[in-house]
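The values are calculated or read from the model by the stated rules, or taken from the named source; none is laboratory data. Values in this document were obtained by computation on a predicted structure and should not be read as measured data. Cβ coordinates were reconstructed from backbone atoms using ideal geometry, including for glycine residues, and neighbour counts include every protein chain displayed.
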Amino acid sequence: MSKTTTLDPMVLGRRLRFHRKKANLTLDELGERVGKPAPYLSLVENGKKEPRLGLVMEIASALSVDPAELLDLEPPTRRDALELEMLRFQETSLFEDLDLPSVKPGAKLDNTTLSYIVGLQRALRERSGLDSAGSDDVRRANAAVHALLGETKGYLPHVEEAAAAALRAAGHEGPVPFSSRNLLDLAAHLGYEIVSITDMPGFARSIIDTGSRRVYIAQRNELRTRQARKALIQTFGTFLLEHEPEPDLNTFLRQRMESAYFAAAVLIPEQAAVEHLRLAKQERDLDVEDLKELFYVSYEMAAWRMANLAHHHLGIACHMVVSDEVGTVIKGMVNDGAPVPRDEHGGIETQRLCRRWGSQMTFHSEDRFATHRQYTDTPTGTYFCTTHIEEGRVPVLAVTLGVPFDQAQWFRGRETSNRESSTCPDPSCCRTPPSELAERYEGSVIVHARSQQRILGLMAPDPFPEMDMSEVLRVVDRHSPTG
């Protein structure tokens with residue numbers, strides 16, 4: 001494991017808990033000795049509160065240990081090291097893109113399974129090609145992906161062709177959801193067998209054994225969920241698109257985008273989707289929700305698919321953006337000239353949207369989970385947008401599909417009276433307070449920002465040390481037809 005020379009609150013918390021339990025003290029008992037309530041000490045032990053040095057000294061005295069024992073930079077046990085590594089991985093964008101539920105490494109998670117999960121996380125990190133890349137390298141490569149989508153107006157013919165071939169192989173036709181039977185047939189066409197196993201960790205959707213040409217999935221999934229379909233189809237996409245096994249950073253990000261596009265193109269087939277969209281345009285009733293319901297996919301995937309097909313088949317330029325509650329862009333594409341902020345390389349991820357855009361106004365509407373429609377006047381023109389927040393998603397994200405004003409005529413909800421005006425990137429639009437308010441409260445208002453998570457991220461050591469594959473190989477070996 002790589003070393004860190006900076007105090008890590010999460011490691012400090014684990015060391016405190018280790019020595020407290022070794023001393024057979026409860027949080028309440030320790031709290032009485034150091035004059036702190038148990039809830040506060042619990043936050044310290046969970047790495048969510050960084051205590052002052054004086055309190056650390058008092059705790060060390062109460063536990064009869066040398067303060068250096070609490071301030072040691074290494075986790076107290078191998079189990080703690082693995083748990084911290086697992087938790088840190090679940091805070092990364094790489095994990096977020098997997099659409100997997102977070103897993104808490106509680107007492108019920110045995111050491112073997114924990115080691116297995118961390119091993120897979122390390123393997124994924126290594127295969128991601130991001131280990132040696134700096135943030136500027138990633139932004140530059142990400143901008144290249146946006147440039148490609150801009151040049152093609154979001155439509156990738158070679159991926160559409162691969163998806164069409166996969167659909168033929170799976171025997172899928174018509175505007176109906178892609179079924180479990182279709183998925184099994186697609187796997188068989190590629191020479192793979194999908195095998196359900198009972199000893200798959202709860203977090204995992206699939207493990208690929210290219211030697212025996214098997215795809216292992218958790219038995220309880222039964223190929224029924226949207227997430228399971230998407231994950232497996234993306235995996236098959238890497239084969240059909242002949243993706244490089246060890247790509248450089250630029251190639252990795254492009255292939256990542258193509259795999260996601262491929263999954264959407266299989267789950268929402270081009271021919272069936274275009275037939276629906278053309279009819280809806282004729283009736284001036286285009287809406288993302290219809291694609292979502294027709295093909296049983298998430299709202300985000302339906303929005304992506306409409307953005308992929310709109311310009312090529314309908315002559316409609318658009319922008320599609322996924323953002324969080326404070327307006328940070330998570331992902332998206334723009335081919336209609338909308339003034340979505342960009343970094344110095346041309347990417348839009350991590351940039352902040354104007355607070356007056358529909359993607360942000362929906363968070364302040366009376367019913368935030370209802371579809372929000374809005375016209376927004378901007379320096380580059382007026383845009384109509386439809387924004388939806390999917391219930392139950394963590395973190396909460398808004399999905400927005402927008403078009404220029406003259407294209408709004410084809411969309412459901414165009415009669416909305418919601419209208420805002422944005423002059424961003426002019427700071428006076430929404431980033432700086434009005435001069436009257438600024439003068440009135442000058443020097444009298446102090447804000448304590450929620451910075452702990454960001455600080456922890458900057459302080460954290462490299463969470464991806466060398467990998468031990470022994471447990472991973474044992475699982476595969478147990479189910480290998482030649483084992």
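Filtering the stretch 296-318 to residues that are over 22 Å from the mean Cα position of the chain (by Cα) and farther than 25 Å from Asp426 by Cβ leaves Leu309, Ala310, His311, His312, His313, Leu314, Gly315, Ile316. In the stretch 473-482 there is at least one residue matching the filter, namely being among the polar types (S, T, N, Q) and either at pLDDT 75 or above or within 30 Å of Lys292 (Cβ to Cβ) (or both). Among the conditions (1) farther than 18 Å from Glu366 by Cα; (2) part of a strand (DSSP E or B); (3) over 25 Å from the mean Cα position of the chain (by Cα), Pro425 misses just one, which is (2).
Taken over the stretch 319-373, the residue count meeting the criterion of being outside any strand (DSSP E or B), under 15 Å from the mean Cα position of the chain (by Cα) and among the polar types (S, T, N, Q) is 1.
Look at the stretch 277-305: where a residue is without any contact (Cβ under 8 Å) to a residue 24 or more places away in the chain and on the phi < 0 side of the Ramachandran plot and a partner is crowded, with 20+ Cβ neighbours inside 10 Å and of a type in the set (Lys, Arg), sitting 6+ places away or on another chain with Cβ atoms under 8 Å, you get Leu291/Arg305. Helices (runs of 4 or more DSSP H) fully within the stretch 103-206 that include at least 1 residues being modelled with pLDDT of 90 or more: 135-151, 157-170.
This table checks each residue for (1) polar (S, T, N, Q); (2) at pLDDT 95 or above; (3) buried (at least 18 other Cβ atoms within 10 Å of the Cβ).
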{"site": "Arg355", "(1), (2), (3)": "no, no, yes"}
{"site": "Gln374", "(1), (2), (3)": "yes, yes, yes"}
{"site": "Asp377", "(1), (2), (3)": "no, yes, no"}
{"site": "Thr380", "(1), (2), (3)": "yes, no, no"}
{"site": "Tyr383", "(1), (2), (3)": "no, yes, yes"}
{"site": "Gly392", "(1), (2), (3)": "no, no, no"}
{"site": "Cys429", "(1), (2), (3)": "no, no, no"}
{"site": "Arg440", "(1), (2), (3)": "no, no, no"}
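Considering the stretch 178-188, the residues that are crowded, with 16+ Cβ neighbours inside 10 Å and in contact (Cβ under 8 Å) with a residue 40 or more places away in the chain include one that is farthest from Ala265 (Cα to Cα), namely Ala187.
Please go through the stretch 70-98 and give me each residue that is acidic (Asp, Glu) and either touching a strand residue (DSSP E or B) at 6+ places or on another chain (Cβ under 9 Å) or surrounded by 16 or more Cβ atoms within 10 Å (Cβ to Cβ) (or both), ordered by number. Answer for the stretch 70-98, where residues must be acidic (Asp, Glu) and either touching a strand residue (DSSP E or B) at 6+ places or on another chain (Cβ under 9 Å) or surrounded by 16 or more Cβ atoms within 10 Å (Cβ to Cβ) (or both): Asp80, Glu83, Glu85, Glu96, Asp97. In this structure, Arg305 does not satisfy being closer than 24 Å to Phe405 by Cβ and either touching a Pro at 6+ places or on another chain (Cβ under 8 Å) or surrounded by fewer than 21 Cβ atoms within 10 Å (Cβ to Cβ) (or both). Scanning the stretch 4-49 for residues being in contact (Cβ under 8 Å) with a residue 60 or more places away in the chain and either part of a helix (DSSP H, G or I) or of a type in the set (Asp, Glu) (or both) gives a total of 7.
Residues in the stretch 394-412 that are part of a strand (DSSP E or B) and surrounded by fewer than 21 Cβ atoms within 10 Å (Cβ to Cβ): Pro404 alone. Test Thr77 against the stated conditions and say whether it is at pLDDT 90 or above and within 20 Å of Gln121 (Cβ to Cβ). Yes; evaluated as a whole, the condition is true for this residue.
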